[in-house]
Structure formats: structure tokens, C-alpha cells
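Scroll down for the structure; my scribbles are underneath it.
The values are calculated or read from the model by the stated rules, or taken from the named source; none is laboratory data. Given the structure is predicted, the values throughout are model-derived calculations rather than measurements. Methodologically, a virtual Cβ is constructed for each residue, glycine included, from the backbone with ideal geometry; neighbour enumeration extends over all protein chains shown. SASA here: full protein model, heavy atoms, side chains in, ligands and nucleic acids out. Shrake-Rupley method; radii C 1.70, N 1.55, O 1.52, S 1.80 Å.
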Amino acid sequence: MYNTWEELTQACQECHKCGLCETRHNVVVGVGSKDAEVMFIGEGPGENEDLQGEPFVGRAGKLLDKMLTAVDLDRSKNIYIANIVKCRPPQNRDPKPEEQQMCIDWLRTQVKLMRPKIIVCLGRIAAGRIIKSDIKITREHGQWFEKGGIQMMAMLHPAAVLRDPRKKPEAFDDFLKLRDKINEICDHTY
Ligand code: SF4
């Protein structure tokens, strides 16, 4: 068990618990404010993230940042972003259930240290792992779920929005719902 971010980060960066360690360049632990009230969770690093060691830095990340900015959120100020698996699955395939299982303790510790009030899951894999296994992301994104005293919402993955720009308005609607929830329950995000 890790009691500080420093201990957690160091141990996570040295992790060899699953086979993804063999092909990674960097362990992508997370980015953002460590006392954030809002945590975003994606599925895993892609190529750019693996090379730079930071989540959501490619094209999808740029779109995410744009939508975050529109509701006064910023990875360098008032949110934290992490992933289900911290090392890149080869060819950007979905992380296997056993890889998720091996890695999830790092995320659990991050949640424990941060104690967010809101968790936003980006995409089907993260939402299925964190919110409920049978979540239908196309139907249930933008809805609030409560688990363990934390408000949770699934959003469309920004890469899916890039693939189908017609989804932009409904994706952005979810950010507006998030802003409303932050105003309702958070103390220092805005
Ligand atoms: S993906 Fe997670 S469990 Fe697997 S090696 Fe990387 S940090 Fe460890």
C-alpha cells in the first residue's frame, strides 16, 4: 500500500506485473492536480502517450483539451487524468481483461489518495470497468451513476468523436452536464 503520490509514482514506474511492460517506452501514470475533485479515466496510452509519458496528448487529447477548456477545466490546474492500464497495448488494441486486472490497483490507489468527488470515464472500456460491466456507452453516456459516494459519468471517447464528428454536439452536452455537477457538489474546482 502506498501512502504518498511519490511512493505510488515510483513503484508504478517500475512495474512489471503484466506483459505490457515489455513493449512500453514509458509508464503513463497520470497527469494533473493531485488534489483535484474531478478525475478522468481513459483506457490506456496510445503511441504518442507512450512516447511522451502523458495521457491524451495525441489528436484525441487535443480535442479533449478543447472541450475541457470550454467548461473551464484544465489538466494543469483543476482535474486529474489517468488510465485503466498504464502501459501501451501494442498496436493500440484494447487492454486484455487480465492486463486491466493486474493494473487496476494502481488506479485504485490513485483514487484513494485523491478522493475525487466526480469520476468521468472516457469510452467503453473505462466505463465498463469502473461504472458497470454492461454499460451501453452510446445510450448511457452523459448519465450520472453513484458508486461509493462518488458521482460517475461515462463520456464518448474523444477518438470516437474524431472518427465521427457528428457526435460532437452530444459529446459536448456531457461536458455541460459535468460543469453543472461540479457547480453543485465541488468546492474548489472553479
Ligand atoms: S500495464 Fe500496469 S500492470 Fe502492466 S506493467 Fe504496466 S503498470 Fe504494470
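The set of residues from the range 81-98 being open to solvent by 20 Å² or more (accessible area, probe 1.4 Å) and closer than 21 Å to residue 130 by Cβ comprises 88, 92, 93, 94, 96, 97, 98. Selection within the range 62-75: residues that are part of a loop (DSSP other than H, G, I, E, B) and crowded, with 21+ Cβ neighbours inside 10 Å. The member of this set that is farthest from the ligand (Cβ to nearest atom) is 73. Look at (1) closer than 21 Å to residue 53 by Cα; (2) outside any loop (DSSP other than H, G, I, E, B); (3) modelled with pLDDT of 95 or more; (4) open to solvent by 10 Å² or more (accessible area, probe 1.4 Å) and you find that residue 78 fails only one, number (2). Among the residues of the range 36-58, those that are open to solvent by 30 Å² or more (accessible area, probe 1.4 Å), under 17 Å from residue 162 (Cα atoms) and either within 16 Å of the ligand (Cβ to nearest atom) or in contact with a helix residue (DSSP H, G or I) (Cβ under 6 Å, 6 or more places away or on another chain) (or both) comprise 43, 47. Looking only at the range 142-155, which residues are open to solvent by 20 Å² or more (accessible area, probe 1.4 Å) and not aromatic (Phe, Trp, Tyr)? 143, 146, 147, 148, 149, 150, 151, listed by residue number.
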